[in-house]
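Worksheet: the structure to be examined is printed underneath.
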Amino acid sequence: MRAVRFHGARDIRVEDVPAPSGVLLHDDVLVEPFVTGICGTDLHEYIAGPIVTPSTPHVYTGATNPQILGHEFSARVKAVGSGVTHVKPGDRISVQPLLFPRDDYFGKRGLYHLSPKMGCVGLSWAWGGMAELAVIKDYNAQPVPDTLTDEQAAMIEPAAVAMYGIDRGGVTAGSTVLVSGAGPIGALTVLGAKAAGASVIIVSEPNPNRRRIIAEIAPYAVVVDPKTQNLLEIVADLTEEGVGVDVALECVGMEASLNACVDAVRRQGKVVQVGLHIKRASIDAMQWALKDITVEATWCYPVQMWPRIARLIASGSFPVEKVITARIDAADVVAKGFEALLDPAGNHLKIIVRT
Ligand SMILES: [Zn+2]
């Protein structure tokens, strides 16, 4: 079957690989992926990997490179193992890609995303979404309502990352919010904050194309160029007595962006670290203390979020598909996918691959 595999930095190949064969284990589900999003994690592997993909057999799944990519995807169920009862052949699903033991400290508490042994379909598992077929575990297969499109179902994974940050920030009806960075997760965070009821949403983004895209898909947001405009003045103008926003969400993973969030949040407000930093950030701890703030930092999402995100999308209040900027064939994944996303022009947020 055709699959997109990561072999090493700048070495992603579209190639013919053996399809899943043999009898399914009792908790296996064989699926046919519909569409798969390219994620920032995939991009990091492409630029500087292997980082997350395993060079030696993964501690929990045993998977090793070359890795079939794709962890943001929707699929149709083709076959199920003897113990699988919640989905059947023909069902449409969204894949919750995390794989984890259920019997360690975190697993026993339902905090599956925190297991030190956690693996992920499409990053550290024998199969991934960018292939004609994939084998997943029963708990990875999340049924979706008929009203969700295949693309919306594939977007639940990155939407869960964004919504978890929004939850941790305590964004609620009437909240004032700053989203720092309008990349794919920042854009989903803007849409999610609106869905959660935020009344004032300010977005700080230095890239002009990304500012244009977020202004189009979220016309209610106040879009700021932090290089030429005074973000703190704008935040002061838009908040009660100029105190700053209730919640500031860092969606880039950069020192300046994190410190801008601390500057913009009100005293006793919340800063949420959603973006992943690739180097250490210098922060002003005294300012954190003086402002009496809470800093939350998030990793992935609780896997129980899938039905809730699906409902939010189905209701129309969380239009996640708006962040999709291109749809490509798997054959073009390097040139029109990875390279397009790395273009500093920033014309793309989420690129969806048909497999
Ligand atoms: Zn991802």
- Do we find a residue being over 23 Å from the mean Cα position of the chain (by Cα), more than 13 Å from residue 128 (Cβ to Cβ) and at pLDDT below 95 anywhere in the stretch 74-94? no
- Message: Quick check on this structure: which one of 61, 53 is within 16 Å of the ligand (Cβ to nearest atom), surrounded by 19 or more Cβ atoms within 10 Å (Cβ to Cβ) and touching a residue at least 40 places away in the same chain (Cβ under 8 Å)?
- Response: 53
- Query: Taking only pairs six or more apart or across chains, which ones have beta-carbon atoms under 7 Å, a first residue in the stretch 141-166 that is under 18 Å from residue 355 (Cβ atoms), and a second residue that is among the basic types (Lys, Arg) and more than 16 Å from the ligand (Cβ to nearest atom)?
  - Reply: 144/92; 153/92
- Message: Can you tell me which of (1) of a type outside the set (Val, Ile, Thr); (2) assigned to a loop (DSSP other than H, G, I, E, B); (3) at positive phi is the one residue 279 doesn't meet?
- Response: (3)
- Task: Specify the residue that is surrounded by the fewest Cβ atoms within 10 Å (Cβ to Cβ); the eligible residues are those in the stretch 65-85 that are touching an Asp or Glu at 6+ places or on another chain (Cβ under 7 Å) and more than 22 Å from residue 301 (Cα to Cα).
- Result: 83
- Item | Residue check for residue 178: more than 16 Å from the ligand (Cβ to nearest atom) and surrounded by fewer than 24 Cβ atoms within 10 Å (Cβ to Cβ) | no
- Selection within the stretch 19-50 - within 16 Å of the ligand (Cβ to nearest atom), touching a Lys or Arg at 6+ places or on another chain (Cβ under 8 Å) and part of a loop (DSSP other than H, G, I, E, B): 38
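The values are calculated or read from the model by the stated rules, or taken from the named source; none is laboratory data. Source: prediction; values computed, not measured. Positions of Cβ are generated from backbone atoms using ideal geometry, with glycine treated the same way; all protein chains shown enter the neighbour counts.
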